[in-house]
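Working notes, beginning with the structure itself.
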Amino acid sequence: MNRFSGLIITAFVFLVACNKGAENIDKTSSKKKMTFTDTHSYANPEQVRVTHLDWEANVDFERKIIDAKAVLSLDRSDDADTLVLDTHRLVINEVTYASGEKAVFRKGEDDALLGSALRIALKPETEKVIISYSTAPDAPALQWLTPMQTSGGTSPFLFTQSQAILARTWIPLQDSPGIRFTYTAKVKVPSGMLALMSAQNPMEKSADGSYSFTMDQPIPAYLMALAVGDLEFARLGERSGVYAEPSVIDTAAYEFAELEDMISAAEDLYGSYQWGRYDLLVLPPSFPFGGMENPRLTFATPTILAGDRSLTSLIAHELAHSWSGNLVTNATWNDFWLNEGFTVYFEQRIMEKLYGASYSEMLASLETEDLKKEISELTSRGKESDTHLKLDLDGRNPDEGMTDIAYVKGYLFLRYLENEAGRETFDRFLRNYFERNAFNVMTTEAFLQEVNDYLIAPERLNVGMVKLKEWVYNPGLPGDAVFPESDRFGLVDEQRENFMNGMPPEELETTEWSSHEWVRFVRSLPVNIGKHKMADLDSTFRLTDTGNSELLSAWLELAIKAKYKPADERLESFLINTGRRKFLMPLYTALVATYPDKKMALEIYEKARPNYHYVSYKSIDDLLNYEKSN
Ligand code: BES
Ligand code: ZN
């Protein structure tokens, strides 16, 4: 197989007769084929599909290795003679059939991005294969933390990050978002530690470090997750709670006290929550993302523990993925906007429902500003095609699709449709969409067809396919995009003008400001603001000392660009102690832009890199042209 020829998947989508205003949908009417190619997987689901995984694993912190056995149940055509799995840096010890007989297998050529195909010969009667294997000590999905790198400082910690194509670095699977399977797991960890997965989870530690898990709803490989550490559980509501290290658990329980309300708000909007419990896990600071929507157990960065619940929209986002993404899943990484754009839209609706439009419009405005910047940067770097919603990531790391295009342009597209259809109609469309496509995949093309068949045609909207395609296949933003508007930011901008015109900081009207208004204020200050004004602001508002990570990162970025040296110490400690890529990238980027000899960036990076997850250090290595031997 050509390296990037990939796999072709055909899924059946149930088309239904659409009844204007009908709440209940008829799932029986007709069937339509959805065909797509995932060039980021070697798998051959046309011939054979993994439908269930039984995983047994021993987590060895000394060797930084997981030794495991994966029993894969297969749904296959009679003439399928080979199962092709994705693996990356896995050491395969043995493959057997259910009878115990050894199976013939072959590992393909190793590709730096995709890893290698594991081809297992199937007999006519084969329904299961059993793979004994070990992970590599440097498996990209896994981060092994020393006790020093945790809050408690006494136990080591392990967590996984599988999205987008890193599940294959710890489990041999068909690692493609269009292929779903259920799983059970038995995991052995050192006693005194708790293990958690994207599954039914224990609430307390076991005596001997043995844990069992089940996930009865089929999920794609990128939602496989495991975390092991000195963790505690705190109940938040009927079906929700939070896990964190003991020294963090009370802060976390306070910060997320409104979680149950969020779940109810989400259900009121788009239908009942399908996954049983919804818990959070607060990870150590090296977690490379803000959040990851692992089913039943969202993984979250501790940088959202602001103390005032001001950064919990991130939880609304990960919760929303329980519908957009986890229930209805992007077919390939080129359709990533279907996961993220939908989720940002849903997140905004949850925030609006809970805290009002004047609050949610602030959040949406901040994101829209980021989007505009991203579009102009991508365009000026000659990457205009990366501003399309439908991406072309063939031969590239799907992580490159993680830009504001998928998130915010995707959001604005849905907001545009909402505006055209009216909110009530659009909400009904979305509710039915989630129900119709639950536990299924979605391509961009099939989505446009759905919009046409279930929204535009029955509602006789004046939106043609040409318009929809403009959003999806054209660069930048259509001229008639509707943007969020925030009155509260209007007031902030007035204060910024006053300040820049010489009003002393203590006279600015800031007492009512949330951290979002502060972020807006700081982001809109000019880089040539001058050290005196920076110092004035800092001494009045103590910005260098803020505990709000969003505000701190905005302030530090400005401090770098304005060469405001009193913030250097805080900058260094923030970069060493935080692994969230979203904060790291702009700061390192600003450092190299301001000091092109890269001396300061590299000096800090040398100290910080050992604390970062693969996902983060890979991006910063590229940014700084860093080679480990440096
Ligand atoms: N699913 C993403 C994280 C992700 C995307 C990981 C692509 C790997 C590849 C998650 O839901 C997410 O979007 N997280 C954001 C936070 C959100 C509030 C925008 C993040 O981590 O910054
Ligand atoms: Zn997301």
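A short reminder: the numbers here are calculations on the coordinates, not readings from a lab. Keep in mind it's a predicted model, so treat the numbers as computed, not measured. Backbone-built Cβ (ideal geometry, glycine too); neighbour counts: all protein chains shown.
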Cβ charges +1 (Lys, Arg) and -1 (Asp, Glu), total dipole of the chain, debye | 1320 debye
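Would you mind calculating the relative contact order of the chain from Cα pairs under 8 angstrom and at least 6 residues apart, reporting the percent as a whole number?
Relative CO of the chain lands at 11 percent.
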Would you please give the FRET efficiency between Ser514 and Glu445, computed as 1/(1 + (r/R0)^6) with r the Cβ-Cβ distance and R0 = 35 Å, to the nearest 0.05?
-> 0.30
With label points set 7 Å from each Cα along the Cα-to-Cβ direction at Ser358 and Val482, the distance between them in nm comes to 2.1 nm
Which peptide among 36-42, 614-620, 234-240, 396-402 comes first, and what is the full order, when sorted by highest mean count of other Cβ atoms within 10 Å?
-> 36-42, 614-620, 396-402, 234-240
Asn501/Ser524 FRET efficiency (R0 22 Å; Cβ-Cβ; nearest 0.05) = 0.95
At Asn58 and Thr182, where each label point lies 7 Å from the Cα along Cα→Cβ, what is the point-to-point distance in nanometres?
-> 2.9 nm
Lysines near Lys102 by alpha-carbon distance under 25 Å, same-chain residues fewer than 8 away left out - which ones?
-> Lys69, Lys123, Lys128, Lys186
Pairs from Lys373/Lys607; Lys409/Lys533; Lys373/Lys561; Lys383/Lys469 whose Cα-Cα separation, in the structure shown, is over 28 Å | Lys373/Lys607; Lys409/Lys533
The stretch 50-320, relative contact order in percent, only Cα pairs under 8 angstrom and at least six apart counted | 15 percent
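Given the rule -39500 (n - 2.57) for each run of at least 4 DSSP H residues, summed and divided by the residues of the chain, what is its mean residue ellipticity at 222 nm, to the nearest 500 deg cm²/dmol?
When only DSSP H runs of four or more count, the value is -10000 deg cm²/dmol.
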Please list 256-269, 185-198 highest first by mean number of surrounding beta-carbon atoms within 10 Å per residue.
-> 185-198, 256-269
For Lys107, which aspartates and glutamates qualify as cross-link partners when the Cα separation must be under 14 Å and same-chain residues fewer than eight apart are set aside?
-> Asp86, Glu94
The stretch 515-629: relative contact order in percent, alpha carbon pairs under 8 Å with at least 6 residues between = 22 percent
Which shape class, rounded, prolate or oblate, goes with the stretch 515-629 when its Cα gyration tensor gives a ≥ b ≥ c as root eigenvalues, a/c under 1.5 marks rounded, and past that a/b bigger than b/c marks prolate?
-> prolate
For the pair Asp81 and Glu494, what calculated FRET efficiency results from E = 1/(1 + (r/R0)^6), where r is the Cβ-Cβ distance and R0 = 60 Å, to the nearest 0.05?
-> 0.25
Taking 0.36 nm per residue of separation between Lys373 and Ser212 and subtracting their Cα-Cα distance, the length gained on full extension comes to 53.3 nm
Within straight cross-link reach of Lys628, meaning Cα distance under 19 Å, which aspartates and glutamates are found once same-chain residues fewer than 8 apart are removed?
-> Asp138, Asp597, Glu603, Glu606
Label-point gap, in nm, between Asn419 and Thr540 - each point 7 angstrom along Cα→Cβ | 3.6 nm
Among Gly115, Ala103, Ser313, whose Cα sits farthest toward the positive end of the charge dipole of the chain (+1 at Cβ of Lys/Arg, -1 at Cβ of Asp/Glu, about the Cα centre)?
-> Ala103
